[in-house]
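Peer 1: Supplied in structure tokens, the structure appears directly below.
The values are calculated or read from the model by the stated rules, or taken from the named source; none is laboratory data. Just so it is clear, the structure is predicted and the values come from calculations on it, not from any experiment. Virtual Cβ from ideal backbone geometry, glycine too; neighbours counted across all protein chains shown. SASA here: full protein model, heavy atoms, side chains in, ligands and nucleic acids out. Shrake-Rupley method; radii C 1.70, N 1.55, O 1.52, S 1.80 Å.
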Amino acid sequence: YVPFNLAAANTLFEPEDIKTYEIGLKSEWLDRMLRVNLAAFHYDYKNLQVSRIIDTPSGPQTLISNAASSKIDGVDLELMLRPTTSFDVSVAYGYLDANYDEYVFNLGQNLVFDDTALVRAPKHSINVAAEWRVPLGDNRLTLRADYALLGTFFHEPGEGDPRFGSGIPLTREEGYGLLDLRAAFDAGPFKITAYATNVLDKNYRRTVNALGNTIVGFAGQPRIVGAKVGYRF
């Protein structure tokens with residue numbers, strides 16, 4: 001948190017307080033070929049700290065305010081199947097119900113965000129991965145693919161509702177998926193790796209701030225292809 005001016009530096013915010021509850025199961029089946037992990041959790045926040053950049057007559061201003069109370073309920077499910085010692089595939093699913101129960105942003109705007117979703121908290125997320133390890137004599141080739149899928153979420157409080165500002169609807173981020181691929185060849189002390197991230201060249205935004213009518217956004221990384229060589233001494 002870096003304040004832009006003296007007024008922001010003099011704005012006080014309270015420390016967070018959180019009570020967490022979690023119950024879960026970790027298990028292995030079929031002679032450890034199948035792993036199943038399940039967890040359910042509840043987070044009860046008091047004074048959750050929310051960082052925002054707002055537009056003021058003197059220019060943009062970074063502020064941290066406190067949501068009086070917020071609750072997060074969720075479920076995580078992880079499945080991993082390893083039919084052979086050289087191949088495994090995993091799937092992870094997450095469900096999140098995260099809301100501001102009480103949140104009044106009264107630093108010059110008096111906005112009431114009660115009963116709206118927390119920022120950057122998609123209800124659904126899925127991660128799928130597969131890895132194949134191929135022995136080549138004394139060497140080994142490893143091929144891996146990862147796909148991460150996120151549901152719709154919001155970069156600013158208010159769930160994209162224009163009553164919180166004309167720019168707020170543009171802070172809604174539609175769900176998107178990212179595919180990464182990697183191949184690694186181990187030969188003695190050498191390791192040669194080729195990789196490609198965001199293979200499908202998906203357009204998405206990492207961060208968006210709404211400053212009145214103005215939107216300041218930061219794009220996510222485009223497709224990146226590269227290689228690297230390592231040596232273990």
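Peer 1: Scanning for something among the β-branched types (Val, Ile, Thr), open to solvent by less than 20 Å² (accessible area, probe 1.4 Å) and assigned to a strand (DSSP E or B), does segment 184-194 turn up at least one residue?
Peer 2: Yes, segment 184-194 contains a residue that is among the β-branched types (Val, Ile, Thr), open to solvent by less than 20 Å² (accessible area, probe 1.4 Å) and assigned to a strand (DSSP E or B).
Peer 1: For segment 122-146, which positions are out of contact with any Leu (no Cβ under 9 Å at 6 or more places or on another chain) and in a strand (DSSP E or B)?
Peer 2: 129, 136, 139, 140, 141, 142
Peer 1: Quick one: residue 228 ticks every box in (1) open to solvent by 30 Å² or more (accessible area, probe 1.4 Å); (2) under 19 Å from the mean Cα position of the chain (by Cα) bar one, so which box is it?
Peer 2: (2)
Peer 1: Here's a follow-up. Please work out which one of (1) surrounded by fewer than 16 Cβ atoms within 10 Å (Cβ to Cβ); (2) more than 28 Å from residue 53 (Cβ to Cβ); (3) touching a residue at least 40 places away in the same chain (Cβ under 8 Å) is the condition residue 175 fails and give its number.
Peer 2: Checking residue 175 against (1) surrounded by fewer than 16 Cβ atoms within 10 Å (Cβ to Cβ); (2) more than 28 Å from residue 53 (Cβ to Cβ); (3) touching a residue at least 40 places away in the same chain (Cβ under 8 Å), the one that fails is (2).
Peer 1: Moving to a separate point now. Kindly evaluate residue 22 against the criterion of being over 30 Å from residue 140 (Cβ atoms), open to solvent by 60 Å² or more (accessible area, probe 1.4 Å), modelled with pLDDT under 95 and within 23 Å of the chain's Cα centre (by Cα).
Peer 2: no
Peer 1: Could you list, in sequence order, the residues of segment 49-60 that are open to solvent by 20 Å² or more (accessible area, probe 1.4 Å) and either modelled with pLDDT of 80 or more or assigned to a strand (DSSP E or B) (or both)?
Peer 2: Within segment 49-60, 49, 51, 53, 55, 56, 60 meet the criteria.
Peer 1: Any residue that is surrounded by fewer than 17 Cβ atoms within 10 Å (Cβ to Cβ) and of a type in the set (Gly, Ala, Ser) - is there at least one of those in segment 151-165?
Peer 2: no
Peer 1: Among the residues that make up segment 150-160, is at least one of them closer than 23 Å to residue 55 by Cβ and outside any loop (DSSP other than H, G, I, E, B)?
Peer 2: Looking through segment 150-160, at least one residue is closer than 23 Å to residue 55 by Cβ and outside any loop (DSSP other than H, G, I, E, B).
Peer 1: Could you pull out the residue among 116, 84 that is surrounded by 14 or more Cβ atoms within 10 Å (Cβ to Cβ) and among the polar types (S, T, N, Q)?
Peer 2: Exactly one residue qualifies, and that residue is 116.
Peer 1: Quick one: how many residues across segment 208-225 are outside any loop (DSSP other than H, G, I, E, B) and exposed (fewer than 14 other Cβ atoms within 10 Å of the Cβ)?
Peer 2: Number satisfying all stated conditions: 6.
Peer 1: Next question, about the same structure. Within segment 93-107, how many residues turn out to be touching a strand residue (DSSP E or B) at 6+ places or on another chain (Cβ under 7 Å), open to solvent by 30 Å² or more (accessible area, probe 1.4 Å) and either without any contact (Cβ under 8 Å) to a residue 60 or more places away in the chain or part of a strand (DSSP E or B) (or both)?
Peer 2: Of the residues in that region, 8 qualify.
Peer 1: Would you check if there is a residue in segment 91-105 being under 18 Å from residue 171 (Cα atoms) and in contact with a helix residue (DSSP H, G or I) (Cβ under 6 Å, 6 or more places away or on another chain)?
Peer 2: Among the residues of segment 91-105, not one is under 18 Å from residue 171 (Cα atoms) and in contact with a helix residue (DSSP H, G or I) (Cβ under 6 Å, 6 or more places away or on another chain), which makes the answer no.
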